[in-house]
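Below: one structure, written as structure tokens.
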Amino acid sequence: MTGTLGKDLLGLESLTGDQIRLILDTAEPFKEISERAIKKVPALRGSTIVNLFFENSTRTRISFEFAEKRLSADTVNVSVAGSSVSKGETLVDTARNLEAMRIDMVVIRHSASGAAQFLAERIQSNVINAGDGTHEHPTQGLLDILTLRDRFGDLKGRRVCICGDILHSRVARSNIWGLTKLGAEVAVCGPRSLLPNAIDEFGVRIFDRVEEAIEWAEALNVLRLQFERMTAGYIPSAREYNRVFGITRERLDRAPRDILILHPGPMNRGVEIDSDVADGPHSVILDQVTNGVAVRMAVLYLLAGGKPELAEAAKGGSGRGREERE
Amino acid sequence: MTTKTTTVLDARAVERTLKRMSVEIVELNHGTDDLIIVGIQRRGVQLADRLVKMIEGGEGVTVPQGSLDITLYRDDLQTVGPRPVVGPTHLPWDLEGKHIVIVDDVLYTGRTIRAALDELADFGRPASISLAVLIDRGGRELPIHADVVGKKVEVGEDERVDVMVAELDERTEVVIVPKSTA
Amino acid sequence: MRPVLLSGGTLVDPSQDLNEIGDVFITDGKIVGVGRSIEGPEEADVIDCAGLIVSPGFIDVHCHLREPGREDVETIATGARAAAAGGFTAVCAMPNTDPVTDNQAAVGFIVRQAQRAESARVYPIGAISVGQEGKALAEFGEMVGAGAVAVSDDGKPVASAQLMRTALEYARTFKIPVIDHCEEPTLSAGGSMNEGIVSAQLGLKGIPAEAEEIMVIRDILLARLTGGHVHLAHMSTKGSVELIRWGKERGIRVTAEVCPHHLSLTEESVRGYNTNAKMNPPLRTAKDVEALREGVKDGTIDLIATDHAPHHYDEKEREFADAPNGIVGLETALAVIVTNLVETGHLNFSDLVDRMACTPARVFNLPGGSLKRGAAADVTVFDPKARWKVDASQFASKGRNSPYDGMPLVGRAACTIVAGSVVFRSGIPVRGREKMNRTRG
């Protein structure tokens, strides 16, 4: 089914199940391109894309850069440290400057929830949210779901548990939205001080102990314990976190079935996840990374959508419909 | 203005034409050595399927068969409207020294083949590339020609040629229909 | 100054149990006649109040006028005019200015600026602590002497219970209320909206209701301990209403106010990261709105105040977490209350006038709040049925940050009179020099 995603990709909350499936289906052929000798197709040739990263992130930025370059787009990386308040140039001005340079698309990562929407409402370029505060990280959610779909086929009824600091995690929110829209059963597991109080209203199961989660789940998405997000001590120590909540070989060995292990990275080995699990046979962490480039290519491809009004104009002359373009 | 459908080739005629094309392909390439048949998504793939089987029947050799989706190389990607669905591309060989035969259902403006040539160039440098099409309806907008042609067809301004294959459509047939037909 | 006759309006004055059609006659800045048919000198400005309500002037005991320091977003003059446009004859200005109003010179400055504005009255509120730093007590005596009517560190809570206790005790000497902004700072730190399902979905740190309620009960208990008068600013939760009820049942001297926005909007208004729905305390849930409405109705919440807080457009035009807290409210307060409490049956107009005029005057010991003969002629005339669409670009205030912009509301000030002078008039003509010798049935 062809549909449009609108101008921007700000989150998975506002997408329908069909739209999510469209993105995942579109990502499939893009996986193959990364296997070719020449990993490039001309689909976005001449497009200018700015990676506007207000927060440090090597892996997400590189993944987007590969996706953009493999579609033959021209990319520019802009790193801005600190919030716009301390920087002097406001987000509004940044937006207007980009627009004045006739940028086609902006990929933005920012520490304030709502920053991607703020930008999207003020510029005409397509805006892709690469992570806004603790709100959403839609391409991460999509690549996690694609990785699960690769292994499970249909996601309906599949049991996926997200483990860790849900309170501060935009990856968790995007995953919860995306998985529930595709019919999966979602659970969360972590210390209550790292779960939002209103988690009951999210439509997910809650496990207080990771042993219970492992008993139930078919896949675990293990979140990084975000030291940098904790403005106060929500948990006493990383050591205790590993003892009580860590995904370890011993705990997984007691599981009633093989459980897929996902992690958005970067990993704190020995904290939320032990190395022998991260590198073990059920870990699909590296598949996530591969799928990340394909999913981002699919999103860029779908958003940089054709302009139907130009299609109409083109049809007048030598333009012809799709069936005819022999 | 035509309002009716004209059948150009029925199922049996398609079979016969493909049979003859399969012989021509082998003849043109002086045998089956280093031959790769590549069908263009979508119906070129089904036609390539049949050609490969016919070559196997005639020469006793199963020629490798690939498929190519040219969507991402289209020159009208920016204006075509909602994003077209991208199909699978399967070309898992080193193309160096190979003789590629591109197979498509209808040759018209030549833009699809131009896209296919660009895409193949990104895969490698074959020894030769030739083109086999079931229907050539003229109307080229680029200097492209087919080496093996099933049938040349005259089509009016307000008409188009539809190739149907039983694997995807209800039957195998080549028809001329008015452009306004859905 | 010419005499003024307000003719044929519905006189609503709960201080006199008045609710009937009549006239109000004003001379020399005072009310000299109230009733059905008034005779007066031949030369009087007659204001035709048919179909309108005539009440004691509204008093807003909580607003931020930004002067000194941020004259770019509001001045005492523009704020006073905005108040008049909203039907307020008097406002109390909070001291979180720059520099903080924590001494007699600063208080005197505000008094003087207000006089020059020649519009609604402006009473200064002094700071509780020097610089509002929460450490050393400011000089209540000197500030009151210069014109302050209350003390508050609003903008911030009084985090130290010891300081709050001392302030309540010390304020007894001067018979002024101590106003507290109830917010437990460690619970609320970093929060930008109500903690709940919306904040969880939007990925914004929330401020739980308990952050307010913990300080509410603390202040009530300290008022009990000290015998002082604590006035709780901008109440926003169901829990707070219940705690205030508990305190009043025990005869503790606690009074409380609520703002129109907490009586009409919920956290849902924040969706889409709307910074014009960001204020402190934040918009809460429907349950809280309902409890606050009940509280206003049964008098647990004594009065309505606006917490008018203008901000520059640029400051609000940024990422939600970085945007400053606050919305303007002087020019929409009446309409929001009429639309959301009177039209819904929670309040009648007598209650409305009580909560917006009589009780503020009584609680803060201010002149006004009554149309009794001999009272200062601070009068509000408003159209209880006027339907209008809010247009923030037309506000008299310099601030445009209102979540009601573009909304249709009911109820609008028509004429505001301070000390016998008309300081605001919209839509009703003044007829001069009419012979007064007529009687009406």
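Observations on the structure shown:
- Spherically averaged projected area of chain A from its Cα convex hull (nm²): 18.2 nm²
- Among the residues of C:145-156, the average count of other protein chain beta-carbon atoms within 10 Å of the residue beta-carbon is 0.
- Size of charge dipole - the protein assembly as shown - debye, nearest 20, with Cβ of Lys, Arg +1 and Asp, Glu -1, no other charges: 1280 debye
- Mean-position separation - Cα centroids, region C:244-312 and region C:48-101, in angstrom: 19 Å
- The protein assembly as shown - Debye-derived log10 I(q)/I(0), Cα point model, q = 0.05 Å⁻¹: -0.45
- Note on region B:103-182: the alpha carbon radius of gyration divided by the globular reference 2.2 N^0.38 Å gives 1.21.
- Residues of region A:171-214 with an amide N closer than 13 Å to a point placed 7 Å from the Cα of residue A:235 along the Cα-to-Cβ direction: A:189-195, A:208-211.
- The calculated FRET efficiency for the pair residue C:133 and residue A:89, based on their C-beta separation and a Förster distance of 45 Å, comes to about 0.90.
- If you run the Gaussian network model on chain A, springs between alpha carbon atoms under 10 Å, then out of A:96, A:109, A:21 the most flexible one is A:96.
- Ordering C:87, C:312, C:158 by the projection of their Cα atoms onto the charge dipole of the protein assembly as shown, which places +1 on the Cβ of Lys and Arg and -1 on the Cβ of Asp and Glu, puts C:87 at the extreme positive end.
- Shielding of peptide C:199-212 by partners, expressed as the average count of other chain Cβ atoms within 10 Å per residue Cβ, is 5.
- Here the extension length gained between residue C:43 and residue C:98 equals 15.1 nm, from 0.36 nm per residue of separation less the Cα-Cα distance.
- Rg to Rh quotient for region B:1-149, alpha carbon positions, Kirkwood Rh: 0.97
- Gaussian network model of chain B, Cα within-10 Å springs - most flexible of B:61, B:38, B:103: B:61
- Burial ranking of peptide ranges C:126-132, C:149-155, A:55-61 (average Cβ count within 10 Å, highest at the top): C:149-155, C:126-132, A:55-61
- Taken over region A:86-198, the alpha-carbon convex hull comes to 123 cubic angstrom per residue.
- Just so you know, the Cα atoms of chain C work out to an Rg and Dmax of 21.0, 69 Å.
- Taking the charge dipole of the protein assembly as shown about its Cα centre, with +1 at Lys and Arg Cβ atoms and -1 at Asp and Glu Cβ atoms, the residue from B:165, C:402, C:53 reaching farthest to the positive side is C:53.
- Counting only the Cα atoms, region C:230-361 fills a convex hull of 109 Å³ per residue.
- Residues listed by number, region A:190-219, amide nitrogen under 12 Å from residue A:257 label point at 7 Å toward C-beta: A:215-219
- For chain C, the mean residue ellipticity at 222 nm estimated from helices alone is -7500 deg cm²/dmol, where every DSSP H run of n ≥ 4 contributes -39500 (n - 2.57) and the total is divided by all residues, rounded to the nearest 500.
- Cα-derived Rg to Rh of region C:89-154, Kirkwood definition: 0.96
- Tilt relative to chain C, helix C:104-117 - C-alpha long axis, 0 to 90 degrees, to 10: 40 degrees
- Think of each Lys and Arg Cβ as +1 and each Asp and Glu Cβ as -1; about the Cα centre, that makes the dipole of region C:71-145 roughly 280 debye.
- Each label was represented as a point 7 Å from its Cα along the Cα-to-Cβ direction; for residue C:344 and residue A:7 these points are 3.5 nm apart.
- Selected from C:80, C:286, C:209 as most flexible by GNM, with chain C as the system and alpha-carbon contacts under 10 Å: C:286
- Dipole in debye (nearest 20) - chain A, about Cα centre, beta carbon charges: Lys, Arg +1; Asp, Glu -1: 520 debye
- Residue C:426/residue C:210 FRET efficiency (R0 45 Å; Cβ-Cβ; nearest 0.05): 0.55
- With the simple spin-label model, which puts each label point 7 Å out from Cα in the Cβ direction, the residue C:72 to residue C:294 separation comes to 4.6 nm.
- Over the residues of chain A, the helix contribution to mean residue ellipticity at 222 nm works out to -11500 deg cm²/dmol, using -39500 (n - 2.57) for each DSSP H run of at least 4.
- Cα→Cβ-extended label distance, 7 Å offset, between residue A:289 and residue A:250, nm: 2.9 nm
Laboratory data are not the source of any read-out in this text; all were calculated from the coordinates shown. Computed from a predicted model, the values in this text were never measured in an experiment. Ideal geometry is used to build each Cβ from the backbone, glycine not excepted, and the neighbour counts take in all protein chains shown.
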